[in-house]
Amino acid sequence: MSFLGIDLGTSGLRALLVSAEGIPIGSSERHYNVSHPNLGWSEQDPADWITAFESVISELKNTYYEFNNLKGIGVAGHMHGATLLDSSGSVLRPCILWNDIRSQAEAKRLDATDQVRSLSGNIVFPGFTAPKLEWVRKNEPEIFNKIAKVLLPAAYMNFYLTGDYVADMSDSAGTSWLDVGKRNWSDYLLDVSNMRRDQMPRLVEGSEAAGELRLEIKSKWGLSGKITVAGGAGDNAAAACGIGALGEGQGFVSIGTSGVILSSRDGYEPAPETAVHTFCHAVPGRWYQMGVMLSATDSLNWLAGITLKSPSELTSSIGDKLLRPGNVRFLPYLSGERTPHNDAEIQGSITGISANTSVDDLTRGVLEGVAFGLKDCFDALSATNAKMDQLTAIGGGTASIYWMRLLATILEVPLNLPEGGEFGAALGAARLGMAASVDKPLEKIIIPPIIRETIDPDTSMQSVFCEAHIKYKAAYPSIKSIQ
């Protein structure tokens, strides 16, 4: 038997084929573009997802014999995206993505509406799905009136695979339409945002079966027999499954395009006032909380772009030995911010430069600024009584040992670096596909990775970085005045 995990990302789609033992067999990925028709807008054509998906499947099928024994599929996707379908299942407009901030006014109105936070467990951020639909209602009424179904990106892939409108709990928790505590659509939340329950997909747990692979696709792929499609997950819940973070005290820090600190929870303990996200986990009876900053490696990519160097060139130039905080202070709010500010208009800045400031100084300033932003997320999570004695570090930023030492010192917790290989959202999705297809306890499928190295905090540096973080936070009141 083999199982397929799909990671539908913002910049590309990745497919991972694993064995019955959960061991990676092979992978393939394709990239696509994000459209920005106006300032603050971010859209994608769902047809590009399908084109990328069919291309990676063709490669896997032609490369790995084990593909012919496929028994289960799981899909993980970037959250909050609004894919709008008419009564025939056709896409009405490009999907509005998670990092689109056009619906600030709509989000503010919904967030101030009675019971919205208490039922959804979260602040209504501009990137969430409900305010996007309010924006469409006000600005594209001819499209809004044709909407028969609203699907998140992963749910749209499930629709393509099964022909059914079905979504999982973890992804749906980021819409502001789900009663996250009860794990069901809320008629009240739908009504206050001018939506209806019949426009929502059927809900399942991420580790449960969403349906079977359509006969047409099985025939196209040359497969036979029952192939189960799991409910799947939002990208961060899938990543948690990829590193085996199911229960209290298990979590990770992800340094990717955005930065995330996630802590799995055994119970439902929302704290929306902290700007922490509280979502359903991809498995029954579990939740997770996370703090999110919107520009993590994106901040380093920004510096790389203006210095005409690659991110790896920038980080390798400063070496691996942790240095005291520099004079350069970087506020990483290049695309607004979620935790802890909940402000789509907050702006970044870079200060403390002089005629002697070098590219290395700027690099250290950016790495420190992102680490301080993640410390804000960590502190917000700690305020909810989340237990985080150690974290697994994942994402592209983990390639910099300097950044890992800096982050461990600022967060004041050890960071575990997994052994090279698979442990992210694609593996988590494959594990969910396996869980939905075979009779095996979740705890035997969703297991932690082998740790190759643990980065401990540098206790000799903690006090100076604590002081630097205080100075970083002191800049908050002046952020909006920077134009």
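The values are calculated or read from the model by the stated rules, or taken from the named source; none is laboratory data. No experiment lies behind these values; they were computed from the predicted model shown. Glycine gets a Cβ as well: all are built from the backbone with ideal geometry, and neighbour counts include every protein chain shown.
What tally of residues in the stretch 234-258 results from selecting those that are part of a strand (DSSP E or B) and touching an Asp or Glu at 6+ places or on another chain (Cβ under 6 Å)? Of the residues in the stretch 234-258, 1 are part of a strand (DSSP E or B) and touching an Asp or Glu at 6+ places or on another chain (Cβ under 6 Å). Restricting attention to the stretch 37-87, the residues being more than 30 Å from GLN347 (Cα to Cα) and touching a strand residue (DSSP E or B) at 6+ places or on another chain (Cβ under 7 Å) number 23.
Among the candidates GLY211, GLY181, the residue that is in the same structural domain as MET79 (by TED's automatic domain parsing), in a loop (DSSP other than H, G, I, E, B) and either closer than 19 Å to VAL116 by Cβ or at pLDDT 95 or above (or both) is uniquely GLY181. What are the residues in the stretch 390-417 that are in contact with a strand residue (DSSP E or B) (Cβ under 9 Å, 6 or more places away or on another chain), in contact (Cβ under 8 Å) with a residue 60 or more places away in the chain and among the aliphatic types (A, V, I, L, M), if any? If the condition is that a residue be in contact with a strand residue (DSSP E or B) (Cβ under 9 Å, 6 or more places away or on another chain), in contact (Cβ under 8 Å) with a residue 60 or more places away in the chain and among the aliphatic types (A, V, I, L, M), then LEU391, ALA393, ILE394, ILE401, LEU407, LEU411, LEU415 are the ones that fit. The residue pairs whose first member lies in the stretch 35-52 and is touching a residue at least 24 places away in the same chain (Cβ under 8 Å) and of a type in the set (Phe, Trp, Tyr), whose second member is buried (at least 16 other Cβ atoms within 10 Å of the Cβ) and in a helix (DSSP H, G or I), and whose beta carbons are closer than 9 Å, counting only pairs six or more residues apart or on different chains, are TRP49/PRO153; TRP49/TYR156; TRP49/MET157; TRP49/TYR160. Within the stretch 1-52, the set of residues being in contact with a helix residue (DSSP H, G or I) (Cβ under 7 Å, 6 or more places away or on another chain), hydrophobic (A, V, I, L, M, F, W, C) and not in a strand (DSSP E or B) comprises MET1, TRP49, ILE50. Being at negative phi and part of a loop (DSSP other than H, G, I, E, B): is that true of GLU345 here? For GLU345, the condition - at negative phi and part of a loop (DSSP other than H, G, I, E, B) - is met. Within the stretch 439-457, residues that are of a type in the set (A, V, I, L, M, F, W, C) sit with their Cβ atoms under 7 Å from residues that are part of a loop (DSSP other than H, G, I, E, B) and modelled with pLDDT of 95 or more, at 6+ positions apart or across chains, in these pairs: LEU442/SER207; LEU442/VAL283; ILE455/PRO414. Within the stretch 119-147, the set of residues being under 26 Å from HIS281 (Cα atoms), in contact (Cβ under 8 Å) with a residue 60 or more places away in the chain and part of a helix (DSSP H, G or I) comprises LEU119, SER120, ALA130, PRO131, LEU133.
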